[in-house]
Amino acid sequence: MAEARILLVEDDRSLGQRLRKGLGQAGYAVHLAVDGQSALEALRAEAFDIAVLDWMLPDIDGIEVLRTLRAEGRRLPVIFLTARGEVDDRVDGLDAGADDYMTKPFALAELCARVRTLLRRGSATRERILEIGKLRIDLMANRVEVGGTPLDLTPREYSLLAFLALRQGDAVSRTTLTREVWQAENRFTSLDNVIDVHMANLRKKLRAACGHDPITTLRGVGYRMEAAGSEG
């Protein structure tokens, strides 16, 4: 199997070289960019399996790189690296479309573990299409349609929908969503409100597009995507 390709964006050249060496020793092919413009040029010129993106960059900051990436329809997993540790900062990064968030300083072993997790998730969903009632979820293209019409979802709303759809009929707890969708190792109580907001927005769009809400709230437990797409 070909080695996974990582775009590493880090303006601290010493740290960037250490991370490139460590990720290379872990078996990945790593391209290092030191600013936002170089990162965008690399993303447009080459195919990567995952990006590890520093927030604070000298020209275009990481969050703007990510927003541009998502606006262009690029869905590769992105891990933010940053010295920012406040909850609001984490939320801003995740809302922009990040799949994971690591606060500096961190252990290389933990970064490698997060990379493996996101790559496994991508491999598990490759070339799969889920159909639930009127919903058609293309997990390869990260696209959702209702009766042939595209459903406009944010990256986080899509991640929630895809995660629940892959487990349709099963109860999914908030703890699981925090760990698997937000990729948080520890359960931050403050993420409950964040999950509520994204879930409410997703369900509102599903009701408008499908005529009903296929997600059921399980009080005290979490959520469930109904296999038959029944109203919940």
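The values are calculated or read from the model by the stated rules, or taken from the named source; none is laboratory data. No experiment lies behind these values; they were computed from the predicted model shown. Don't worry about glycine lacking a Cβ; one is built from the backbone with ideal geometry, like all the others, and counts go over all protein chains shown.
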Identify, from the list LEU32, LEU43, the residue that is in the same structural domain as VAL91 (by TED's automatic domain parsing), of a type in the set (A, V, I, L, M, F, W, C), at pLDDT below 90 and in contact with a helix residue (DSSP H, G or I) (Cβ under 7 Å, 6 or more places away or on another chain). LEU43
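Please specify each residue of segment 154-172 satisfying the condition of being within 18 Å of LEU66 (Cα to Cα) and either among the charged types (D, E, K, R) or surrounded by 22 or more Cβ atoms within 10 Å (Cβ to Cβ) (or both). Walk me through it before giving the result.
Just the residues of segment 154-172 that are within 18 Å of LEU66 (Cα to Cα), to begin with: 154-159.
Result: ARG156, GLU157, SER159.
Of all residues in segment 31-56, which are closer than 21 Å to ALA107 by Cα and over 20 Å from the mean Cα position of the chain (by Cα)? Before you say what the answer is, go through the steps one by one.
Quick first cut of segment 31-56, residues closer than 21 Å to ALA107 by Cα only: 31-34, 50-56.
Of everything in segment 31-56, those that are closer than 21 Å to ALA107 by Cα and over 20 Å from the mean Cα position of the chain (by Cα) turn out to be HIS31, LEU32, ALA33, VAL34.
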Matching residues, segment 139-160, being modelled with pLDDT under 85 and either touching a strand residue (DSSP E or B) at 6+ places or on another chain (Cβ under 6 Å) or more than 19 Å from LEU76 (Cβ to Cβ) (or both): none
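Listed here are the residues, each with its yes/no results for (1) over 18 Å from GLY62 (Cα atoms); (2) over 23 Å from the mean Cα position of the chain (by Cα).
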| residue | (1), (2) |
| --- | --- |
| GLU3 | yes, no |
| ARG13 | no, yes |
| GLN25 | yes, yes |
| TYR28 | yes, no |
Going through segment 67-113 in order, the residues found to be buried (at least 16 other Cβ atoms within 10 Å of the Cβ) and modelled with pLDDT of 90 or more are VAL78, ILE79, LEU111, CYS112
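Which count do you get for residues in segment 25-69 that are among the small types (Gly, Ala, Ser) and touching a residue at least 40 places away in the same chain (Cβ under 8 Å)?
Going residue by residue through segment 25-69, those that are among the small types (Gly, Ala, Ser) are 26-27, 29, 33, 36, 38-39, 42, 45, 47, 51, 62.
Add one more test, that the residue is touching a residue at least 40 places away in the same chain (Cβ under 8 Å), and what stays is 26, 47, 51, 62.
Residues in segment 25-69 being among the small types (Gly, Ala, Ser) and touching a residue at least 40 places away in the same chain (Cβ under 8 Å): 4 in total.
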Sort out which residues of segment 146-181 are closer than 14 Å to PRO214 by Cβ and either in a strand (DSSP E or B) or assigned by TED's automatic domain parsing to the domain that holds PRO77 (or both), and write them in order of number. VAL146, VAL172
